[in-house]
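Read-outs: derived from the displayed coordinates by stated rules, not from any lab. Since this is a predicted model, take the numbers as computed values, not measurements. Ideal geometry is used to build each Cβ from the backbone, glycine not excepted, and the neighbour counts take in all protein chains shown.
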Amino acid sequence: MIIRCPCWWPTRGYAAGQPSEPQTAADTSLATDAGHQRVELAGRVRRPGGGRKRQRDLDPGLVPTLEALVDPDTRGDPESPLRWTSKSTRELAEALTAAGHPVSDDTVGRLLREQGYTLQRTRKTLEGAQHPDRNAQFRYLNEQAKAQLAVGEPVVSVDCKKKELVGQFANGGAEWQPTGWPERVLVHDFPDPKLGSEAKAIPYGVYDLGANTGWVSVGVDHDTSSFAVQTLRRWWQQIGRVAYPNATRLLVSADAGGSNDYRRRLWKTELGRLAAEAGLEITVCHFPPGTSKWNKIEHRLFSAISVNWRGRPLVSHQVIVELIGATTTRTGLTVHAELDRGRYPLGVKVSDEELAAVPLRRHEWHGEWNYTVLPAAA
C-alpha cells in the first residue's frame, strides 16, 4: 500500500495523470493502489512526539543558564557575563551561544515569557533612610486633617511641581496626531536665551482636600518661601475665603524640603504675615523627610496635570496656564491657574529678632514638624 505524505492529501477520484487539488482536514483520506479505496482517519495523523523538538528539550542546560543570566541575584556577581551590559534578547542570545547553548534572540524572548519574565521599568519605592517616627507622624497628620474637615475648616496640601522649560521642547507622553505628522520639537533642551529669566515655569500648587479643587500659580522667577506663601495667599483671597466664609483655622500639609521647608525662617515669617492678614490660625504639618510623594497634592493634582499636557510642547507661559486650568478628573477635580510675574529674590535673610516676633506655637508632638502660626499683629 502506498501512503502519500501526510502534508499533501490525495484528491477525490485520484487517478494517474489527473491533477491533484488540496482537500480540507475534514475530508482527509488515504488512497491505495487497489481500487483507490478511501480510508477515513480520525484525529491526528502525525504520531505523538513527532515534528521538530523544542530547543529547551534538545538542550536541557539552556533554561538554567538563561535564568542565571537574568536572575537579579547575579547583579552582584562580578563574573556574570552581563554584569555591566544590557540584558536585551540579542545580548542574552550571544551570551548563551558563547556558553555553549546556541540560540536565537527570538527563542530567548519566548523562553523568558514562558519563565514568567516581562520587560519592566524601575519603580520608585525606596525612600532611603526613614525617620523612626515616620508612621506616627503620618497618623498625627491624618488625625489633624480629619478633625479639621469634621468641623468644616479648610485643609490644603501645598508643594511645588517640577520646573518646566518654556519653548518648543519635548514633553513626555504621546498625543493623537495624523500619521506621519508628529509634533516637531527641538533636539536639545537648552533654555531659550531670548526669554532670559522667564525661560522656565514654576508651578506651585494648593490642593483643597475637602473640595477636591486645585490652585496653581505659575511663577517666572524663583521658587522661594515668599512665592510659596504668596500662592497660598492668592488661593485664600480668591477661593478660600469664599468657600469657607466662617473659617477660623487653616491646616496646611507640606513636605519637609524646598521652599516650604520646616527649617526655613522666611517660610515661617511669611506665614506670620498671612495669618495676620487673613485672621486665621494657620497650622502646618510637615511630612517626614524623604516622604514627599505621600503628599496628597502629588497624586491628586500634579499627576493629573502631567497627564493633561502629555506629549505637548509648553511653548509659552500662557499655554502652561491654560493646560493646567483645563485639567479635570473623573472624580470631579477642577483647577484654577494664574501666571505670577512677581519677583522673588533669592538670599533673603531673616534675623533672630524677626523670627522671634512670629507668633508661633509648637505642638507637643514633633514641634519642628507641627506648629501653629497665630493671627497676631504682623
- Item | Coil-residue trypsin sites (Lys or Arg not before Pro) of region 222-301, DSSP, other Cβ within 10 Å capped at 10 | 263
- Message: Kirkwood Rh and Cα-based Rg: tell me the resulting Rg over Rh for region 241-378, rounded to two decimals.
- Response: 1.01
- Query: For residue 98 and residue 306, FRET efficiency with R0 = 45 Å and r from the beta-carbon atoms, rounded to 0.05?
  - Reply: 0.55
- Please get the size of the charge dipole for region 106-160, origin at its Cα centre, with Cβ charges of +1 on Lys and Arg and -1 on Asp and Glu, quoted in debye to the nearest 20. 240
- Query: Straight-line reach from residue 163: which lysines have Cα under 28 Å away, leaving out those fewer than 8 places along the same chain?
  - Reply: 124, 194, 200, 268, 293, 296, 349
- Task: Label region 148-245 by shape, choosing from rounded, prolate and oblate, from the square roots a ≥ b ≥ c of the eigenvalues of the Cα gyration tensor; if a/c is under 1.5 it is rounded, and otherwise prolate applies when a/b is larger than b/c, oblate when it is not.
- Result: oblate
- Over region 91-209, consider all pairs of different Cα atoms and compute the Kirkwood hydrodynamic radius from their mean reciprocal separation; express it in Å, one decimal. 21.4
- Message: At 7 Å along Cα-to-Cβ for each site, give me the label-to-label distance between residue 194 and residue 361 in nm.
- Response: 5.6
- Karplus-derived 3J(HN,Hα) from phi for region 138-152 (6.51 cos²θ - 1.76 cosθ + 1.60, θ = phi - 60°), whole Hz, x at Gly and Pro, runs 4, 5, 4, 5, 5, 5, 4, 5, 4, 5, 5, 5, 5, 9, x
- Treating the beta-carbon of each Lys and Arg as +1 and of each Asp and Glu as -1, no other charges, what is the dipole magnitude of region 133-179 about its Cα centre, to the nearest 20 debye? 120
- Item | Paramagnetic label zone (point 7 Å from Cα along Cα-to-C-beta, residue 374; backbone N under 13 Å) in region 241-272 | none
- Message: Could you tell me which residue out of 152, 141, 186 lies farthest along the dipole of region 130-201 toward its positive end? Charges go on the beta carbon: Lys and Arg +1, Asp and Glu -1, centred on the Cα centre.
- Response: 141
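Average projected area of the Cα convex hull of region 309-378, in nm²? Intermediate values should be presented prior to the final figure.
Details: hull surface 37.0 nm².
Directional mean of the projected Cα hull area for region 309-378 stands at 9.3 nm².
What's the FRET efficiency of residue 319 with residue 176 using the Cβ-Cβ distance as r and R₀ = 25 Å, to the nearest 0.05?
Numbers: r = 18 Å, r/R0 = 0.72.
Efficiency for this residue pair is about 0.90.
What are the chymotrypsin sites (Phe, Trp or Tyr not before Pro) within region 313-378 that DSSP puts in a loop, where the Cβ has at most 16 other Cβ atoms within 10 Å?
Numbers: sites: 365, 369, 371; in loops: 365, 369.
Within region 313-378, the qualifying chymotrypsin sites (Phe, Trp or Tyr not before Pro) (loop, at most 16 other Cβ atoms within 10 Å) are 365.
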- Which distance in nm do the two modelled labels at residue 68 and residue 88 give, with both placed 7 Å along the Cα-to-Cβ direction? 2.5
